[in-house]
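Notes follow the structure.
The values are calculated or read from the model by the stated rules, or taken from the named source; none is laboratory data. Note that this is a predicted model, so its numbers are computed, not measured. Glycine also receives a Cβ, built like all others from the backbone with ideal geometry; neighbour counts cover every protein chain displayed.
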Amino acid sequence: MPNATVTAAGMRLMKLLVGRPPQAISELIRMAGVTRTAVAEQLDELVAAGLVERQTQRLSGRGRPRHLYRATNTAISLLFTGRQQLLVPAIWQALREFGGEALCGKVLKRVSGLLADHYRPGVTAKKPAQRLQQLIGLLTAEGGLAEAVQTDEDRVVLYKRSCPFLSMADPQRSVCQIDLEMIGEVVGKPVRQVACRHEGDPCCAFEIVDD
């Protein structure tokens, strides 16, 4: 999610756009009950944050084109994160009730494998530590906050300061296992988790297991 601060006024405008067809600025002025200048400033803020998308509509004849605005999926995710925190743990609970730990294990393995398949083409180095560095680059390019730190023991530790799965966490920390297995598959060596956000650490951290 883009790293931007949204004002209360911008949030109200974003809620007017969610679930509606693209709106012209005149329609937003009518719904919001504020001035054109205020709406324009708020829209610029939301577009910059990646929460609203601006489209150009060409009119027939010689009339000037007009801009239409729609909320992005990022805006919907931002507004309804709380629902995700209820839904995903409920899905994990249902999987355990119907299929037990064996089914959950298969699901975790498959999901981590699919994620590894997504990142593997961009990781071409031979050495595991270098592959880990390349993976960090891919995570960062996708908007994640990830960095590598080399320890005194000459180990490379991956610090994931942001977690795209935070709203999906369940009491068994299944999503942590997905991360762990995905990283291991991509770097080509087993990986262990040395810090966990859910245990009070500032972020999750992973390092390659020595032979």
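Observations on the structure shown:
- Selection within the stretch 136-152 - under 21 Å from Pro202 (Cα atoms) and of a type in the set (A, V, I, L, M, F, W, C): Ile136, Leu139, Leu145, Ala146, Ala148, Val149
- With respect to the conditions (1) at pLDDT below 85; (2) among the small types (Gly, Ala, Ser); (3) in contact with a Lys or Arg (Cβ under 7 Å, 6 or more places away or on another chain), Ala125 falls short on a single one, namely (1).
- Options Gln134, Gln130: the member that is in a helix (DSSP H, G or I), within 14 Å of Lys189 (Cα to Cα) and in the same structural domain as Met182 (by TED's automatic domain parsing): Gln130
- Subset of the stretch 185-211 [in a strand (DSSP E or B) and β-branched (Val, Ile, Thr)]: Val191, Val194, Ile208
- Checklist (1) closer than 16 Å to Ile178 by Cα; (2) at pLDDT 85 or above applied to Ile91, failing item: (2)
- Filtered residues of the stretch 6-54 (kept if buried (at least 16 other Cβ atoms within 10 Å of the Cβ) and in a strand (DSSP E or B)): Gln23, Val52, Glu53
- Considering the stretch 37-88, and only residues there that are aliphatic (A, V, I, L, M) and touching a Ser or Thr at 6+ places or on another chain (Cβ under 7 Å), the residue that is modelled with the lowest pLDDT turns out to be Val88.
- Where a residue in the stretch 174-203 is of a type in the set (Lys, Arg) and its partner, wherever it lies, is in a strand (DSSP E or B) and buried (at least 20 other Cβ atoms within 10 Å of the Cβ), with Cβ under 9 Å and at least six apart: Lys189/Ile208; Arg192/Phe206; Arg192/Glu207; Arg192/Ile208; Arg197/Lys160; Arg197/Cys204
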